[in-house]
Amino acid sequence: MKSFIILIIFIVNLNANDDTYLDVIKKYTIEGKQKIKKYAIEGKQKIKKYAIEGKNILIEKTLLNGINALTNNSKIMVNSFAIDDKTNAIKINLFLDGEDKNLTVDIKKFKWGVTEDKKYIVFEDFDVKMNIPWMQYMIKDIAKKDRGYIKFPHDVALFSLLYSIKPNIKSTYKYSDKKSFSITEYKFDEKFVKIIDLEIAKNKIIANIWLKGSKRNLEVNIDSYKVTTANRKTVLILKDINFRWCTKPWIESIIYMQYNQVHLEYSKKLFEVFTR
């Protein structure tokens, strides 16, 4: 391969005025020389194209195998993960136990960076389409609550995964004085998410939530959990969560993979709700 690349570079740089090549070039017509250049340029472009494709194929397979290795494949399975060679658009197809159909995610564009304090990885200027309505709504709503951004706690594995797809930018995210989001107080758009029942008391949780695009409601019965805080009371943590049942096993599986914990943005009222 290295010798072939050197040969291509040699041909592309042929020059009729160079005495080294003069005798050789005289054997060809102008048309012939142009064809040589044409094929050389096409060859060079193909080398670049296959190099990019090779990189993307490697990333796709690594992510596909890596994610599936970390999940309970009877609950969550990535069927396909494809990266467009020209645009870096990403298409994912996932099996999620408890959903009526596979989830397809079409990420046409996105930028990502890290906050100045290194606490969060932030997505911005993104275009994401999902085929399950309630999930599409949740993504848009999360971004709407934070001025068009979606942020995750900084994680080395997530950083490395994203960087393998595209380099990070200097994030434009600035912290806001806006009131913290509270899942127990927030008014969801009932065209997409409607809370039929939500009971939190004595370290037990019972919930029944209608979700557009799912034939069966999300029903959760948590028999016990513990509450703690972290990062100087900026994070509220539910841990040692014991499910009695959940009608969407993929959600239970994600919580189990996160050391049986759920992290929420801390507020005094939310803390009181989960400890009453």
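Assuming residue 188 fulfils every condition listed in (1) within 20 Å of the chain's Cα centre (by Cα); (2) not assigned by TED's automatic domain parsing to the domain that holds residue 76 apart from one, which condition is it? Tallying (1) within 20 Å of the chain's Cα centre (by Cα); (2) not assigned by TED's automatic domain parsing to the domain that holds residue 76, residue 188 fails exactly one: (1).
Check the stretch 136-152 and report whether any residue there is closer than 29 Å to residue 194 by Cβ, without any contact (Cβ under 8 Å) to a residue 60 or more places away in the chain, outside any helix (DSSP H, G or I) and among the β-branched types (Val, Ile, Thr). Yes; the residues of the stretch 136-152 include at least one that is closer than 29 Å to residue 194 by Cβ, without any contact (Cβ under 8 Å) to a residue 60 or more places away in the chain, outside any helix (DSSP H, G or I) and among the β-branched types (Val, Ile, Thr).
A quick yes/no check of all residues on (1) surrounded by 12 or more Cβ atoms within 10 Å (Cβ to Cβ); (2) over 21 Å from residue 257 (Cα atoms); (3) at pLDDT below 90:
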residue: 47; (1), (2), (3): yes, yes, yes
residue: 52; (1), (2), (3): yes, yes, yes
residue: 57; (1), (2), (3): yes, yes, yes
residue: 75; (1), (2), (3): yes, no, no
residue: 100; (1), (2), (3): no, yes, no
residue: 106; (1), (2), (3): yes, yes, no
residue: 120; (1), (2), (3): yes, no, yes
residue: 134; (1), (2), (3): yes, yes, no
residue: 145; (1), (2), (3): yes, yes, yes
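Okay, residues lined up against (1) surrounded by 15 or more Cβ atoms within 10 Å (Cβ to Cβ); (2) outside any helix (DSSP H, G or I):
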| site | (1), (2) |
| --- | --- |
| 66 | no, no |
| 69 | no, no |
| 78 | yes, yes |
| 91 | yes, yes |
| 94 | yes, yes |
| 113 | yes, yes |
| 116 | no, yes |
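The values are calculated or read from the model by the stated rules, or taken from the named source; none is laboratory data. Every value quoted in this text rests on a predicted model; they were computed, and no experiment measured them. Note that we place each Cβ from the backbone using ideal geometry, even for glycine, and neighbour counts take in every protein chain shown.
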